[in-house]
Amino acid sequence: MLNNTALFRQACYLNGQWVDTELCLTITNPVDQSVLGTVPSLTVADVNRTIEQAHAAQTDWAAITAKARAKILNRWFALIEANVDDLGTIMTLEQGKPLIEAKGEIHYAASFVEWFAEEGKRVYGETIAQTVNTNRLSTIKQPIGVCSAITPWNFPAAMITRKAAPALAAGCSIIIKPASETPFTALALAELADQAGIPAGIFNVITGDARTLGAPLTQHPLISKFSFTGSTQVGRTLYEQCASTIKKTSLELGGNAPFIVFDDADIDKAVTSAVQAKFRNGGQTCVCVNRFYIHDAVYEEFLEKFAAQVGKLRVGNGLEQNTDIGPMITRRAIDGMQVLLDDALAKGARQLVLGNEVAEQGNYINPKILVDVNDTMDIVHEEIFGPIATLIRFQDEDEVLAQANNTIFGLAAYFFSQDIGRVYRVAEKLESGMIGINTGMISNEVAPFGGVKQSGLGKEGSRYGIEDYLTVKYLCVDIA
Ligand code: ADP
């Protein structure tokens, strides 16, 4: 199935070596739970050694120029692009998303490597006006040191490069623990990092029990910075673990994105964007819509057109050409959605019949639309992380803003309006790190990705993304 079978690695990549252990974890395909392969189950001692090696290697990596690092990173970028078909296939096999989405993610993942290779050359210090005639004040920026990252299964490639590329460009080393469900994409990226000539110890991928390995990654004194993408609940725990050694921390956590359609919106555009923003990756992204707020005057039109489009989405194996929604990652994830669904139905929500239902066996779940949804239902407040759309009617702008902001989360928000005054008013009042206005697609490498409130800390991508991997050092020179 792969053109280059060397990309399918069943070993960890530690200090430039492929390392195996006797104790292994079995990785399965979410389509049918068939076994794809195994990965090592590392111990804390293995991770501690890797951290020490990453620390030793980082000095030389920081000492070469940003331009020299960029040259190596650009080779990694080119190799990722050249292997997009195989990387996409590996991702679909372990994660389930449709192949076209998987390949799209590989391009997205590669774009961070290209972007940060360039940004590494644009790290600027500053000079500061002297406070007396005899001093000169300035700042320099330096790599923060050894970094660690824990990444999720929903974007098995992009969440790695979004952290590793700025770290490496800045002159840091990094140890990545990919999600337990999706290690093979990460290990394929490591194979290409090796081929690109990234020196031993600079980019490391570890596998094993998440909780066990999470401890050294968040507590080892040689690690200066920890970056996490995942749920708010786990993020809170890991943030606490980082406190003992005062690590710089980036957290990209859960969301509860509202999608508001005002009465002056272009409805056809809103409908198409709604389908993209809700059902991409089967609804399993942190910026997926969790709540649709539709103005009373356009509610019926929106619902009719939205249901028609959702009714055409095909559920199936991501490797098959016509699939729009692959299997959910685990049965446990579906059980969680069912609890939210049952609560909403018990409190008066209605589920529409869409006409494209398949048998909901294994990890397959049909896309669903719930209407008559209200604020008393848990589904409005908790991240669904699946293909269930909830629709709520509203009458006026202030009312919908209050509802949209009534959440502990603040990652993405979307709204549709053609009134320029309203566009700025609403954008400024929504409590979210990212706002899609007349679009459902907001992610790219050049813009700052990140949330406010309990959706996280820090920005990834963009010119801000590298700052988290740098420290500012202030120099005060007495010239008298
Ligand atoms: P998701 O719902 O996306 O799996 P999680 O927050 O549960 O979100 O997991 C995100 C990542 O964090 C995964 O790589 C998972 O293996 C890891 N993880 C989960 N719990 C812990 C923990 N207690 N310590 C360290 N890593 C963890």
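Here are some notes:
- Eigen-decomposition of the gyration tensor built on the alpha-carbon atoms of the stretch 378-480 gives equivalent ellipsoid semi-axes of 35, 17, 14 angstrom, largest listed first.
- Virtual spin-label span in nm between ALA402 and GLN195, 7 Å along Cα→Cβ: 5.8
- Listed pairs LYS121/LYS473; LYS71/LYS473; LYS248/LYS453 exceeding 22 Å between Cα atoms: LYS71/LYS473
- Taking label points 7 Å from Cα along the Cα-to-Cβ direction, ALA129 and ASP419 give a separation of 4.5 nm.
- Note on LYS429: aspartates and glutamates with a C-alpha under 13 Å away, same-chain residues under 8 apart excluded, are GLU397, ASP398, GLU399.
- Mean shadow area of the stretch 131-284 over all directions, Cα convex hull, nm²: 15.3
- Projecting the Cα atoms of ILE246, LEU303, GLN284 onto the charge dipole of the stretch 229-373, computed from C-beta unit charges around the Cα centre, puts ILE246 farthest toward the positive end.
- Taken over the C-alpha atoms, the stretch 26-98 has Rg and Dmax values of 17.7, 49 angstrom.
- Net +/- balance of residues flanking GLU445 in space, Cβ distance below 13 Å, scoring K and R +1, D and E -1: -1
- Percentage relative contact order, the chain, counting C-alpha pairs under 8 Å, at least six apart: 19
- Rg to Rh, two decimals, where the stretch 1-130 supplies the alpha carbon set and Rh follows Kirkwood: 1.06
- Cut-off 13 Å between beta-carbons: net charge of the residues surrounding ASP268, Lys and Arg +1, Asp and Glu -1: -1
- Where Rh is the Kirkwood radius over Cα pairs, Rg/Rh for the stretch 316-467: 0.99
- Each of ASP378 and MET1 was given a label point 7 Å from its Cα along the Cα-to-Cβ line. The distance between the two points is 3.5 nm.
- Each listed q (0.21, 0.22, 0.30, 0.32 Å⁻¹) maps to a log10 I(q)/I(0) for the stretch 81-125 from the Debye sum over equal C-alpha point scatterers, namely -0.65, -0.68, -0.97, -1.04.
- Loop sites in the stretch 111-170: chymotrypsin sites (Phe, Trp or Tyr not before Pro), DSSP, at most 14 other Cβ within 10 Å: TYR124
- Angle between the chain longest axis and helix 267-279 axis [Cα atoms, degrees, rounded to 10]: 60
- Whether the stretch 178-261 is rounded, prolate or oblate, judged on the alpha carbon gyration tensor where a/c under 1.5 counts as rounded: oblate
- Charge dipole (the chain, unit charges on Cβ, about Cα centre) - positive-most of THR38, ILE174, GLN58: GLN58
- Alpha-carbon spread of the stretch 56-155, three principal axes, descending order, Å: 65, 26, 24
- Computed over the stretch 217-272, the P(r) curve from all C-alpha pair distances, binned at 10 Å from the origin, holds 22, 32, 14, 16, 14, 3 percent per bin.
- For the stretch 213-368, the Kirkwood estimate of the hydrodynamic radius, built from every pair of different alpha carbons, is 18.3 Å.
- Beta-bridge orientation, the chain: approximately 40 percent antiparallel, per DSSP, counting only bridges with both partners inside.
- Cross-link pairs LYS177/LYS247; LYS141/LYS225; LYS278/LYS368; LYS103/LYS269; LYS103/LYS278 - those with Cα-Cα distance over 22 Å: LYS103/LYS269
- Coarse-grained scattering of the stretch 228-317 at q = 0.11, 0.24 Å⁻¹, given as base-10 log I(q)/I(0) from a Debye sum over alpha-carbon atoms: -0.46, -1.15
- When Rg and the Kirkwood radius Rh are both evaluated on Cα atoms of the chain, their ratio Rg/Rh stands at 1.00.
FYI, it's all coordinate maths here, none of it is from the lab. In this text, all values refer to a predicted model and were calculated from it rather than measured experimentally. Here the Cβ is made from the backbone with ideal geometry for all residues, glycine too, and neighbour counts use every protein chain on show.
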